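Taking it in order: structure first as structure tokens, then the write-up.
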Amino acid sequence: MSYHRPQDLASAYHLLAERAPRLLAGGTDVYASSEGPGRPDGAELLDITAIRALHGICPSPQGWRIGAATTWAEVAGADLPPALDALKQAAREIGSPQIQNRATVAGNLCNASPAADGVPPLLVLDAMVETGSLRRARMIPLRKFVTGPRTTALRTDEMVIAVHVPASAGKGASAFEKIGARRHMVISIAMAAARMVTRQGQITEAAISVGACSPVARRLTAFEKMLKGTAATRIADLRPHLEQELAECLSPIDDLRADAAYRAHVAGALVLRCLARAASGATSQPESEGEGP
Amino acid sequence: MTPAATWISLQVNGRHYRSCAPPDRRLADVLRDEMGLSGTKIGCNAGDCGACTVLLDGAPICACLTPLGQAEGREVLTVEGLEGVGLGHLQHSFLAHGAAQCGICTPGMLMAAAALLRRIPHPGPDQAQEALSGVLCRCTGYARIIKAVCHANDPRSNTPPPPERQAVGISVPRLDGMPKCDGSESFGADPLPPDLLADASCGPFPASLDDSLMVRAIRSPHHHAQFTFGDLATWQARHPGIEAVLTARDIPGRNCFGVIPAFADQPVLAEGRVRFRGEAVALVAGDQTAVAAFDPADFPVSWHPLPALMDCVSARAEEAPLVHPDRAGNLLIAGRVCHGNAEDALAGAAHVAQAEVETAFVEHAYIEPEAGIAWLADEGGKQVLIIRACTQAPVMDRDACAEILALPEEQVRIIPSATGGGFGGKLDVSLQPLIGLATLHTGKPCRMVYSRRESMMSTTKRHPARMHARIGCDHRGRLAAMVFEGDFNTGAHASWGPTVAGRVPVHASGPYRMAHYHAEARAIHTNGPPSGAFRGFGVPQAAIIQEMLFDDLAARCGIDRLTFRLRNALDDGDRTRTGQCLETVGIRACLKALEAPWKSALAAARSWNAAHDETRRGVGIAGCWYGCGNTALPNPSTIRAGITPKGRVCLHQGATDIGQGANTVIAQIFAEALGLPLSEIVLIGPDTAHTPDAGKTSASRQTCVSGRAALACGQSLRARILRRLNMGENAELSLSHGTIIGHENGKEARLDPTHLPPGKHGYVLMAEETHDPPTTPLDENGQGVPYAIYGWGAQMAEVEVNTTTGRVRVRHVHAAHDLGRAINPSLAEGQIEGGIAQGIGLALMEEYIPGHSENLHDYLIPTTGDMPEITPILIERPDPEGPFGARGLGEHVLIPTAPAILNAIRHACGARITRLPALPHRVLAAIRQAGENGK
Ligand SMILES: Cc1cc2nc3c(=O)[nH]c(=O)nc-3n(C[C@H](O)[C@H](O)[C@H](O)COP(=O)(O)OP(=O)(O)OC[C@H]3O[C@@H](n4cnc5c(N)ncnc54)[C@H](O)[C@@H]3O)c2cc1C
Ligand code: FES
Ligand code: FES
């Protein structure tokens, strides 16, 4: 039989190693990809949702651990500092309440859609993906985890255990923006996230990412560097530099949702919006190094 | 771990269940098929529509995406359990507010609402809008649903109004509404309803759906291809459980159908060549598991793809191959209306505006994919094929199936199931002949449920249009002439293409006066899906270009855009461009009704724009007219009613109610004419064995055509009763314990039906009346009387455009419609709201691309969050031809929406959108274009 729902990680690892099943979390990608009445595409399924250790968001001195089976609804309702606002905002934009109640953070990363809304916010949080298997445990930076459309660094016997946001990324404030052709339940034409730390109006740290405009969502590292030391109110002056980096690192495509030229244009606009919102969040915080977990 | 042998326990609606279904089955299927809880609907199996929403431990989820295994030990609440948890009043609120039209989305809406109400007993509209954002409704425009949810715990608003004597003009709740609100309604994919099972003439029944065979169609993955089958017999032998493999060779009758007999050209199962992606070539029938398990990719058919014509330009090119060899130039048919000399008049006009506009394929996206069941019944020793499926046109279905299956008409009986939305897409037959064929071959009941993809690929669409028009006026803005030319992509088969080609030239002027007019519309074949009927038959497309040019002309003349339309509006007694003299014309009243909101909206936009740069607001207006019923062709409706010996008044109402309200409106008209309370009327039908032909539910004809027949039927039955009572016209009738009582001038008379001999159909008194609207054929210049009745409307849209992202938000729509007489104002307003939702989709987001957007993930229709505030304004200028003066409304309501929105976008930011839908990237490009033009 082809459906397994182990209660503990060890059993899951064994099944993974022995039978190479398809992993199943909330099923919102797995089940949506087939239209028939029965089980999706006949694959053997390993359902990880009964494994206690994979549920919930845990703060620790090192940061935040988001268990692989944590749903977007749980993220949206969690008590998290403003640096993680972008993630919470993305959580509320994923599909509908019905989807958010089932879909998981890890599933979103593993599905590796170029339009996955979870990726840009986690990129600006320097997220690490923790994987496990019978043979090894790994911590992979998110930017290396998603390797292309629908591909990840996971090996066939591995699974994602958790997503970690390091304490160092818990500083400042962040924001997420997405654009689609309707209000709810819409795949992003483009989206962006930004996190910013300021001191006395000066940007001391900035992290920016753009999704759905390249095979894998990208951080804008050059522009981030340039923002350091700039006054938060002067961001718009640097727009030409932003445009330049976008032109260099994005490779938007034409599809039925929008054309490439539009994506390139709107990506810049979304980044600026996120920066403005993150800046106002960051400057309205008490002048400290931000809250630890 | 061998889950096959394990039982999965869960709580469902407070009861303990143990299921032995495989744990990876979709919870939605387990609820429906094993637990008999068919109130949970399946619209997409992909999380996109929310029809399957149930609560899992209190949280709304899509049961179609949830494996049974994950419900283990948890608590599931479905629509059937709402009453049990004290939420029955939510269902009553839905009924009272008219929140259910077709009812297919209702269970999902109720469940999403239940989760909200448990958290927030008195939510505001924004909270309700968010909470319901995961459930799509294609009928209502959401307004009444949101109201019903916000007022669910407000008992005053949920008590039904007391029964009234007067039936017409009252917003009685939909007569067929309760089953839609409690989840018991039986749609095409649901178990047979108890009243049907009680009808002995339908038996013997399939004992349960499990005893029926499942049918699946093998469909072309190519837009155009030749194909050959491999060894079908061997393939079948290798697949135990498959009982029949059927191809064109197995069709006993004519392998050809089409809604307009003279143009019928569509094979039920293609022979050697497919003309569009999704065309069926073979059927596989077998037991449920065998059919569910088989992989269509493994079916022995080989395809040889051929070049495909995907748009009118390539199809009209000189050397283009022909989709149908007998249709030169790939021209199915052209329609034209000519009046005066338009070219000369344009040459002499002070101002001439012109444009080219292109629209997309638009999908009906009803939430219920096609589904039904067929079986062989024994009617007094005669075998009858019964087909129960969702439909808009039972009699046309019967005639088509009889011809295809080579059966006499009386041996085919169509019993429409409840239909979960149609909008024109369920006028053509879809699965009816397929399940009929499989049943005839196997002798067993056969069932079919289209997947969402199959539904979208294989059924009709709104015609993509490529239109060019020029309109001229004088210095004062008085219209002089219009030239309109349009190519309408009718796809691979005729379907309703001829209707579109005929309707568009009649209507392309809009409801305005102009002396010179030349309009031509061509239906062009391509290898796209067949374009058929969709709310408005091409008129919504034509209205877009005409109303856009009016704004151009108003600007050139320097006059207000509403004034421009008023200056040119048709008036009572005017002639149309087909030469028809109209007694009552409602457009001026509709436009006048918008004057006050227009002025204040313009002022509001001005002051917003003075303070904002990135977001710009604009206001747009558009008018519409629409002839009700078939164009220049007979389209009779017959209604029968009778009184049983027990004194029950039965109304045989054959007009299918696809959510628009025919069951209620026609009963209201009948009750009013008869003079008995509506609550005494027993509705029968539709069923081709029990109801006379009330024609198809299309062309906004049911209220005015079937309604007229119902009026005549009610009057005639009343006359018969009065004769028996020996009373005059003014007698008051009532029913008491089966006795009819008449009161007149203080006198009372009684009629006890038990004493009368039952006649035909078992009635002691009976009436049957037919109405066919008086029309005349159009001559070669399109002159004549194409319709007996027209309906009128004007809408005003207020939008906000984000000039950085090109996103458009519609903020408010005022909709003034002259419907002659509002038989049921609440239902009429529901039609308006639903039509506006579809108009918003047409304007801003809907674009069906064959092979690409065959699901509700990529094909976007408006959600709760995309709807503006809507202010319906009902105008009642009675039409002498309509029942109690009523005109049609169903299609009118969506015609002005898209042009009003597009004109508002233009007003907001200068963007002149000539390719629909106005997706953000197109709006942004048009804003830039406008900027460059302005330099
Ligand atoms: C109607 C609808 C709307 C949607 N809207 C959005 C949206 O707006 N934005 C967006 O980004 N996404 C959207 N999605 C996609 C989807 O909901 C998300 O990608 C979701 O987060 C996936 O999580 P899941 O738990 O449901 O994944 P599943 O479907 O269970 O799995 C997804 C993939 O990840 C793998 N996987 C899951 N968990 C693990 C693990 N722990 N280790 C390794 N592999 C794993 C699975 O094998 C599978 O390949 C939508 C989906 C639907 C159906
Ligand atoms: S059927 Fe489940 S969301 Fe459409
Ligand atoms: S009433 Fe909502 S889809 Fe028909």
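The values are calculated or read from the model by the stated rules, or taken from the named source; none is laboratory data. As the structure is a prediction and not an experimental result, all values here were calculated from the model. Cβ placement follows ideal geometry from the backbone for every residue including glycine, while neighbour counts extend to all protein chains displayed.
Can A:A69 be described as crowded, with 16+ Cβ neighbours inside 10 Å and either touching a strand residue (DSSP E or B) at 6+ places or on another chain (Cβ under 8 Å) or at pLDDT 95 or above (or both)? Yes; evaluated as a whole, the condition is true for this residue. Answer yes if at least one residue in the range B:300-316 is among the charged types (D, E, K, R), closer than 23 Å to B:T439 by Cβ and assigned to a loop (DSSP other than H, G, I, E, B), and no otherwise. For the range B:300-316, residues among the charged types (D, E, K, R), closer than 23 Å to B:T439 by Cβ and assigned to a loop (DSSP other than H, G, I, E, B): absent. Determine, yes or no, whether B:A28 is buried (at least 16 other Cβ atoms within 10 Å of the Cβ), within 16 Å of ligand 2 (Cβ to nearest atom) and not in a loop (DSSP other than H, G, I, E, B). Answer is yes for this residue.
Step by step: first the residues of the range B:71-88, then only those that are within 15 Å of ligand 2 (Cβ to nearest atom) and over 30 Å from the mean Cα position of the chain (by Cα), then the one that is nearest to B:T6 (Cα to Cα). Which residue is that? Of everything passing the filter in the range B:71-88, B:A71 is nearest to B:T6 (Cα to Cα).
So that you can scan it fast, the table gives a plain yes or no per residue for (1) at pLDDT 95 or above; (2) away from ligand 1 (no atom under 14 Å from the Cβ); (3) surrounded by 19 or more Cβ atoms within 10 Å (Cβ to Cβ); (4) within 14 Å of chain B (Cβ to nearest Cβ):
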residue: A:T131; (1), (2), (3), (4): yes, no, yes, no
residue: A:L134; (1), (2), (3), (4): yes, yes, no, no
residue: A:I140; (1), (2), (3), (4): yes, no, no, no
residue: A:T156; (1), (2), (3), (4): no, no, no, no
residue: A:V165; (1), (2), (3), (4): yes, yes, yes, no
residue: A:I179; (1), (2), (3), (4): yes, no, yes, yes
residue: A:A194; (1), (2), (3), (4): yes, yes, yes, no
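Highlighted here are the strands (runs of 3 or more DSSP E) found entirely within the range B:347-424 that include at least 3 residues which are under 25 Å from B:F488 (Cα atoms): B:351-358.
For the condition within 25 Å of B:S600 (Cβ to Cβ), aliphatic (A, V, I, L, M) and surrounded by 22 or more Cβ atoms within 10 Å (Cβ to Cβ), B:A822 does not qualify. Can you tell me which residue within the range B:884-935, out of those that are of a type in the set (K, R) and in a loop (DSSP other than H, G, I, E, B), is farthest from the other protein chains (Cβ to nearest Cβ)? Among them, the one singled out is B:R887.
Here B:A270 meets the list (1) under 27 Å from the mean Cα position of the chain (by Cα); (2) free of Cβ contacts under 8 Å to residues at least 60 places away in the same chain almost entirely, failing just condition (1).
A:S33 meets each of the listed conditions (1) more than 11 Å from chain B (Cβ to nearest Cβ); (2) surrounded by fewer than 19 Cβ atoms within 10 Å (Cβ to Cβ) apart from (1). Taking A:P82 as the residue in question, decide whether it is surrounded by fewer than 20 Cβ atoms within 10 Å (Cβ to Cβ) and either outside the structural domain of A:L275 (by TED's automatic domain parsing) or within 16 Å of ligand 3 (Cβ to nearest atom) (or both). Here the answer is no, as A:P82 does not meet what is asked.
The C-beta contact set for the range A:102-127 (first residue at pLDDT below 95 and within 16 Å of ligand 2 (Cβ to nearest atom), second residue hydrophobic (A, V, I, L, M, F, W, C) and not in a loop (DSSP other than H, G, I, E, B), distance under 6 angstrom, 6+ apart or interchain) is empty. In the range B:869-883, the residue that is farthest from the other protein chains (Cβ to nearest Cβ) out of those that are surrounded by fewer than 21 Cβ atoms within 10 Å (Cβ to Cβ) and not in a strand (DSSP E or B) is B:P880.
Being touching a Gly at 6+ places or on another chain (Cβ under 6 Å) and more than 16 Å from ligand 2 (Cβ to nearest atom) is a property that A:P97 lacks.
Per-residue answers, yes or no, for (1) within 16 Å of ligand 3 (Cβ to nearest atom); (2) closer than 17 Å to A:D47 by Cβ; (3) of a type in the set (V, I, T); (4) at pLDDT below 95:
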position	(1), (2), (3), (4)
B:C44	yes, no, no, no
B:C49	yes, no, no, no
B:C52	yes, no, no, no
B:L56	no, yes, no, no
B:A63	no, yes, no, no
B:T66	no, yes, yes, no
B:G69	no, yes, no, no
B:G73	no, yes, no, no
B:L87	no, no, no, yes
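Taking the range A:243-261 as the range and being away from every other protein chain (no Cβ under 14 Å) and free of Cβ contacts under 8 Å to residues at least 40 places away in the same chain as the test, the residues that pass are A:Q244, A:E245, A:L246, A:A247, A:E248, A:C249, A:S251. Note on the range B:254-282: residues that are in contact with a helix residue (DSSP H, G or I) (Cβ under 6 Å, 6 or more places away or on another chain), surrounded by fewer than 24 Cβ atoms within 10 Å (Cβ to Cβ) and of a type in the set (A, V, I, L, M) total 2. Residues that are more than 22 Å from B:T419 (Cα to Cα) and polar (S, T, N, Q) within the range B:129-146 comprise B:Q129, B:S133, listed in sequence order. If you take the residues of the range B:19-70 that are more than 11 Å from chain A (Cβ to nearest Cβ) and hydrophobic (A, V, I, L, M, F, W, C), which of them is nearest to ligand 1 (Cβ to nearest atom)? Result: B:L31.
Okay, residues lined up against (1) buried (at least 20 other Cβ atoms within 10 Å of the Cβ); (2) touching a Ser or Thr at 6+ places or on another chain (Cβ under 7 Å):
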| site | (1), (2) |
| --- | --- |
| B:R74 | no, no |
| B:E80 | yes, no |
| B:E83 | no, no |
| B:A99 | yes, yes |
| B:G124 | no, no |
| B:A128 | yes, no |
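Being at pLDDT below 95 and over 17 Å from the mean Cα position of the chain (by Cα) holds for only one residue in B:G931, B:G865, B:G888, and it is B:G931.
What are the pairs, 6+ residues apart or on separate chains, where a residue within the range B:578-591 that is of a type outside the set (A, V, I, L, M) has its Cβ under 7 Å from a residue that is part of a helix (DSSP H, G or I) and surrounded by fewer than 23 Cβ atoms within 10 Å (Cβ to Cβ)? Cβ pairs passing all conditions: B:R588/B:L566. What's the number of the condition A:C213 fails, among (1) over 25 Å from A:K88 (Cβ atoms); (2) within 14 Å of chain B (Cβ to nearest Cβ); (3) in contact with a Leu (Cβ under 6 Å, 6 or more places away or on another chain)? Single failed check for A:C213: (1). For A:C58, the stated conditions do not hold, so it cannot be described as more than 16 Å from ligand 2 (Cβ to nearest atom), farther than 21 Å from B:A21 by Cβ, crowded, with 19+ Cβ neighbours inside 10 Å and not acidic (D, E).
For A:G27, indicate whether it is within 16 Å of ligand 2 (Cβ to nearest atom) and within 16 Å of A:V160 (Cβ to Cβ). Criteria met by A:G27. Within the range A:49-65, residues that are touching a residue at least 40 places away in the same chain (Cβ under 8 Å) and within 14 Å of chain B (Cβ to nearest Cβ) sit with their Cβ atoms under 6 Å from residues that are surrounded by 19 or more Cβ atoms within 10 Å (Cβ to Cβ) and of a type in the set (K, R), at 6+ positions apart or across chains, in these pairs: A:A50/A:R5.
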